[in-house]
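Engineer: Quick one: structure below, then a few questions.
Quick note: the coordinates plus some simple rules give every number you see, no bench work behind them. Here the structure is a predicted model, which means the values were calculated and not measured. Cβ placement follows ideal geometry from the backbone for every residue including glycine, while neighbour counts extend to all protein chains displayed.
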Amino acid sequence: MPVRGYLWMMALLLPMAAMADEPDASRLVLDRWLAPAAAELAKHNAPAPQVEALADDAIQREFGAYRFYAVRFGGYPEGVRPPAPLKMNNLIAVSSSGSVTQVTNERQLEGFFQSQAEPIRQAADAKIVMHVWLTLLKELRQDGFYRFSVPDEMITVGATGAGITASGKVVVSKGGTGQIDATLTFGIDGRVEMTTLGENVMPDARPVR
């Protein structure tokens, strides 16, 4: 079995074994982390954020030691000012050891990939990392009305110098128009070195009070 495939399998099995007796352990960790913000919102009778577990096979293969959640405040019809440290859109990664990582923009997401993604060994690995990047990135653009797709057939991989470049798109299929174009550059060691984005996403009309 290729080294990366073995690592993916172990990354999947070990956290699952650790949480076997408490399958919602990561959600409990998240709820404790969110508790101060929830108390602040309750003081102002403000609505709680939407919390969505991100279930994606590619995410779990790439980051098997983590469970990812989107924590989102609706901007329509009446916006809520999120209490610190929350933003309107938050990606929360809960590790199998109980640590919590908050991501609120693409630079923080880039840093997470640079430190946590396994080095790629071949073009197929780069495609998977690109798919995971796009799948998580779109959650930072979500306002509760968009529907996004990540077409795997539009992910391409090519050589650049001593490394590899992967490109792909997030396409708006409902709630607006446009797309997000993204590129990941991998270094000679197989790790993510740099990300670039270009986007022209425009929302449809949103409800008003």
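Engineer: Using just the helices of the chain, give the 222 nm mean residue ellipticity in deg cm²/dmol: DSSP H runs with n ≥ 4 each add -39,500 (n - 2.57), and the total is spread over all residues, rounded to 500. Intermediate results must be reported in sequence, preceding the final value.
Structural biologist: Details: 5 runs with 67 residues, N = 209.
Here the helix-only value at 222 nm equals -10000 deg cm²/dmol.
Engineer: Where does helix 106-116 land angle-wise versus the long Cα axis of the chain, in degrees 0 to 90, nearest 10?
Structural biologist: Here the helix axis deviates by roughly 50 degrees.
Engineer: Still on this structure, please answer the following. Considering only DSSP states other than H, G, I, E and B, which trypsin sites (Lys or Arg not before Pro) in the stretch 65-139 qualify as loop sites with at most 13 other Cβ atoms within 10 Å?
Structural biologist: On the way: sites: 67, 72, 87, 107, 121, 127, 138; in loops: 87, 121.
When the trypsin sites (Lys or Arg not before Pro) of the stretch 65-139 are filtered for loop state and at most 13 Cβ neighbours within 10 Å, 121 remain.
Engineer: Another question, then. Mind putting a number on the dipole of the chain about its Cα centre? Charges go on the C-beta only, +1 for Lys and Arg and -1 for Asp and Glu, and I need it in Debye to the nearest 20.
Structural biologist: Details: 20 positive and 23 negative charges, 88 e Å.
That gives the chain a dipole magnitude of about 420 debye.
Engineer: Which of the listed residues, 97, 41, 71, is farthest toward the dipole's positive end in the chain, when Lys, Arg count +1 and Asp, Glu count -1 at the beta-carbon?
Structural biologist: Positive-end residue among those listed: 41.
Engineer: Let me check against my output: what whole-number percent is the relative contact order of the chain, with C-alpha pairs under 8 Å and at least 6 apart?
Structural biologist: On the way: 353 pairs, mean separation 33.1, N = 209.
Across the chain, relative contact order equals 16 percent.
Engineer: What shape does the stretch 3-203 have by the C-alpha gyration tensor, where a ≥ b ≥ c are the square roots of the eigenvalues, rounded means a/c under 1.5, and otherwise prolate means a/b greater than b/c and oblate the rest?
Structural biologist: Details: a/c = 2.19, a/b = 1.27, b/c = 1.72.
Cα axes put the stretch 3-203 in the oblate bin.
Engineer: Test of understanding: what is the full-extension gain from residue 51 to residue 200, defined as 0.36 nm times their sequence separation minus their Cα-Cα distance? Provide the component values of the computation, followed by the final result.
Structural biologist: Working: separation 149, 0.36 × 149 = 53.64 nm, distance 2.64 nm.
51.0 nm is the gain from fully extending residue 51 to residue 200.
Engineer: At 7 Å along the Cα-to-beta-carbon direction for both residue 159 and residue 208, put a label point, then send me their distance in nm to one decimal.
Structural biologist: 5.6
Engineer: How much length, in nm to one decimal, is gained on full extension between residue 99 and residue 80, taken as 0.36 nm per residue of separation minus their Cα-Cα distance?
Structural biologist: Values: separation 19, 0.36 × 19 = 6.84 nm, distance 2.68 nm.
This chain segment gains 4.2 nm when fully extended.
Engineer: Identify, among 111, 58, 128, the residue whose Cα sits farthest towards the positive end of the charge dipole of the chain, taking +1 on the Cβ of Lys and Arg and -1 on the Cβ of Asp and Glu, with the dipole about the Cα centre.
Structural biologist: 111
Engineer: Now for a separate question. For the stretch 92-134 and the stretch 142-162, what is the separation of their C-alpha centers, rounded to whole Å?
Structural biologist: Using only Cα atoms, the two centres lie 14 Å from each other.
Engineer: Helix 25-43 versus the longest principal axis of the chain: what is the Cα-based angle in degrees, 0 to 90, to the nearest 10?
Structural biologist: With both axes taken from Cα atoms, the answer is about 30 degrees.
Engineer: So if I average 1/r over every pair of distinct C-alpha atoms in the stretch 87-209 and take the inverse, what Kirkwood radius in Å does that give? If you can, show how the numbers build up before the last one.
Structural biologist: Working: mean 1/r = 0.0653 Å⁻¹.
Final number for the Kirkwood radius of the stretch 87-209 is 15.3 Å.
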